[in-house]
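Enquirer: Next up is a structure, given as structure tokens.
The values are calculated or read from the model by the stated rules, or taken from the named source; none is laboratory data. A quick note: this is a predicted structure, and the numbers were derived from the prediction, not measured. Virtual Cβ from ideal backbone geometry, glycine too; neighbours counted across all protein chains shown. Accessible surface areas use protein heavy atoms only, side chains included; no ligands, DNA or RNA. Shrake-Rupley method; radii C 1.70, N 1.55, O 1.52, S 1.80 Å.
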Amino acid sequence: MNQSPNPTLQGARGSEAGLARVLIANRGEIALRAIRVCRDRGLSSVAVYSEADSDAPHVWAADHSVCIGPAAATKSYLSPGALVHVAKMTGCDAVYPGYGFLSENADFADLCAQNGLKFVGPSADAIRTMGDKARAREVASGLGVPVVPGSEGAFTDPAAAEAVAADVGFPMLLKAKAGGGGRGMRIVREPDAFRAQFLQASREAEAAFGDGGVYIERFFDAVRHIEIQVMGDGRGGAVAFDERDCSVQRRHQKLIEESPSPAVGPDLRARLKEAALKLTQGIAYEGAGTIEFILDVKTGEFFFIEMNTRIQVEHTVTEMRIGHDLIAMQLDIAGGAPLDPALADHVGRGHAIEFRINAENWKNGFMPSPGRLNEWLVPQGEGIRLDTAVYRGQRISPFYDSMIAKLIIWGETRDEALARSRAVLDGCRVDGVETTIGFHRRLIDHEDFLQDRVHTRWIENDMSLESLGGA
């Protein structure tokens, strides 16, 4: 299940949140983690679950559990009215959204507030502002944070967009105004292809997010994805932690994250954190968030691309280096506790790498692999953390995200972390479903990864699955 990292995590100033009962509006490992933090904080927890998750560990772990609907997420975990109804019915005073589902839904945050529930996260206004890529870009630029050259707004009309495209320059990236994860995103290299690609991106954005607006920005062929974990108190106070490198991606989905980035030195790190703080403080942000940048590996320039107004899957990488519990900080801040001013001078220790273990057949195009988990064994020991909510004999559902665990490895140096990672990945025993463990084991021995020659399109452009033993 959720195994504690090494060293012991601490919360904000060690003070308990001024809350009493929290609805955990999520599932899987993040729900289980939040429930355990609530218990550590002396808070009561209420879990929600779909009919497909009736045997999930977060259901057993919470003080109270309520079935919220059928397997389909739209009728359960994505039902704002049902979640608020359960929260009120069970006497909750707060809602913890985790990541995914409704965690970045401003209307849900508003609905919580209208019903006297504390949304554990930023204000609805902050979510709306930073969730709109054009608006976020405008705010960042106004605060002196460098942004990627691009359009000042989003477009639904291809003719209007085409008129701006020439000024932005080719190649360019079309990005959905209202979403992420690669949906509504297209690379356009030549003017003749612009209109067709724009229409495709807009239709996809409309289908995925209910908003066909598309934003245009300059495209860089080889960039690193660098992000800064921030925590704000909602009153202009904030802290920023060392960067995470999330450049190893496939189709815009992160596979491995590590901190510190092999591509970032002390001076660049200081500038990235300064930029992240400007933005976090400038919008009086509350709770956990992540400021994402691209780093041009040729010039060393970095540009703001977006802010995730929630905790992220890979926050554990930061926790392993700083020894503080970011989920506990979220709850403490939501309850009115101040940030510990000493965190501003905190320096991360060692090197941490996270491997996302998905129930996917990586040798067959990363196809989902639901089924019964007949064997599940991951080595334990110093510098090893496993965040999961699966167990041997459990049926892995086809209805939700395929990630079944996060394996986070720490070492004094990158070489030590990689050596420990090899031993742990070699020692994993899984049967009944296909996983990405074999992919990770081979990837960390790839010469480009070892020599720090990766970028966000490295897997698609420069690495073949054949080189790893895949299809």
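Enquirer: If E306 meets every condition in (1) over 18 Å from the mean Cα position of the chain (by Cα); (2) part of a strand (DSSP E or B) apart from one, which number is that one?
Expert: Single failed check for E306: (1).
Enquirer: Please return the ranges of helices (runs of 4 or more DSSP H) entirely within the range 421-465 where 2 or more residues are within 23 Å of L373 (Cβ to Cβ) and touching a strand residue (DSSP E or B) at 6+ places or on another chain (Cβ under 9 Å).
Expert: Those helices (runs of 4 or more DSSP H) span 437-443.
Enquirer: Considering only the range 217-224, I want to know if a residue exists there that is in a strand (DSSP E or B), open to solvent by 20 Å² or more (accessible area, probe 1.4 Å) and in contact (Cβ under 8 Å) with a residue 24 or more places away in the chain.
Expert: Yes: one or more hits.
Enquirer: Tell me whether the range 11-20 contains one or more residues that are touching a strand residue (DSSP E or B) at 6+ places or on another chain (Cβ under 8 Å), surrounded by 15 or more Cβ atoms within 10 Å (Cβ to Cβ), farther than 25 Å from L343 by Cβ and modelled with pLDDT of 95 or more.
Expert: Scanning the range 11-20, I find no residue that is touching a strand residue (DSSP E or B) at 6+ places or on another chain (Cβ under 8 Å), surrounded by 15 or more Cβ atoms within 10 Å (Cβ to Cβ), farther than 25 Å from L343 by Cβ and modelled with pLDDT of 95 or more, so the answer is no.
Conditions tested, residue by residue: (1) modelled with pLDDT under 95; (2) buried (at least 18 other Cβ atoms within 10 Å of the Cβ); (3) in contact with a Leu (Cβ under 6 Å, 6 or more places away or on another chain); (4) part of a strand (DSSP E or B).
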position	(1), (2), (3), (4)
G236	yes, no, no, no
R244	no, yes, no, yes
I256	no, yes, no, yes
D267	no, no, no, no
K273	no, yes, no, no
A276	no, yes, no, no
L279	no, yes, yes, no
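This table checks each residue for (1) on the phi < 0 side of the Ramachandran plot; (2) open to solvent by less than 20 Å² (accessible area, probe 1.4 Å); (3) modelled with pLDDT under 95; (4) under 18 Å from the mean Cα position of the chain (by Cα).
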{"site": "E319", "(1), (2), (3), (4)": "yes, yes, no, yes"}
{"site": "G335", "(1), (2), (3), (4)": "yes, no, no, no"}
{"site": "D345", "(1), (2), (3), (4)": "yes, no, yes, no"}
{"site": "Q380", "(1), (2), (3), (4)": "yes, no, no, no"}
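Enquirer: Mind checking which pairs have a first residue in the range 111-130 that is over 17 Å from L78 (Cα atoms) and a second that is in a helix (DSSP H, G or I) and β-branched (V, I, T), Cβ under 6 Å, 6 or more apart or different chains?
Expert: N115/V84
Enquirer: I'm told F101 meets every condition in (1) at pLDDT 90 or above; (2) under 21 Å from F219 (Cα atoms) except one. Can you identify the failing condition by its number?
Expert: For F101, the failing item is (2).
Enquirer: Please count how many residues of the range 347-362 are modelled with pLDDT of 95 or more, part of a loop (DSSP other than H, G, I, E, B), small (G, A, S) and closer than 12 Å to E319 by Cα.
Expert: Total satisfying the criteria: 1.
Enquirer: For the range 287-305, which residues satisfy the criterion of being modelled with pLDDT of 95 or more and within 19 Å of R137 (Cα to Cα)?
Expert: G289, T290, I291, E292, F293, I294, L295, F302, F303, F304, listed by residue number.
Enquirer: Condition (residue is open to solvent by less than 40 Å² (accessible area, probe 1.4 Å) and in a loop (DSSP other than H, G, I, E, B)) applied to the range 204-212: is it met by at least one residue?
Expert: So far as the range 204-212 goes, yes, one or more of its residues are open to solvent by less than 40 Å² (accessible area, probe 1.4 Å) and in a loop (DSSP other than H, G, I, E, B).
This table checks each residue for (1) hydroxyl-bearing (S, T, Y); (2) open to solvent by 40 Å² or more (accessible area, probe 1.4 Å); (3) farther than 30 Å from K298 by Cβ.
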position: C428; (1), (2), (3): no, no, yes
position: D431; (1), (2), (3): no, yes, yes
position: T435; (1), (2), (3): yes, no, yes
position: G438; (1), (2), (3): no, no, yes
position: R442; (1), (2), (3): no, yes, no
position: E447; (1), (2), (3): no, yes, no
position: H455; (1), (2), (3): no, no, no
position: W458; (1), (2), (3): no, no, no
position: D462; (1), (2), (3): no, yes, no
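Enquirer: Then there's this: Looking at (1) modelled with pLDDT of 95 or more; (2) assigned to a helix (DSSP H, G or I); (3) not polar (S, T, N, Q), which is the one condition that is false for G232?
Expert: Every listed condition holds for G232 apart from (2).
Enquirer: With the checklist (1) crowded, with 18+ Cβ neighbours inside 10 Å; (2) out of contact with any Cys (no Cβ under 7 Å at 6 or more places or on another chain) in hand, flag the one item G350 doesn't pass.
Expert: Only one criterion in (1) crowded, with 18+ Cβ neighbours inside 10 Å; (2) out of contact with any Cys (no Cβ under 7 Å at 6 or more places or on another chain) is unmet by G350, namely (1).
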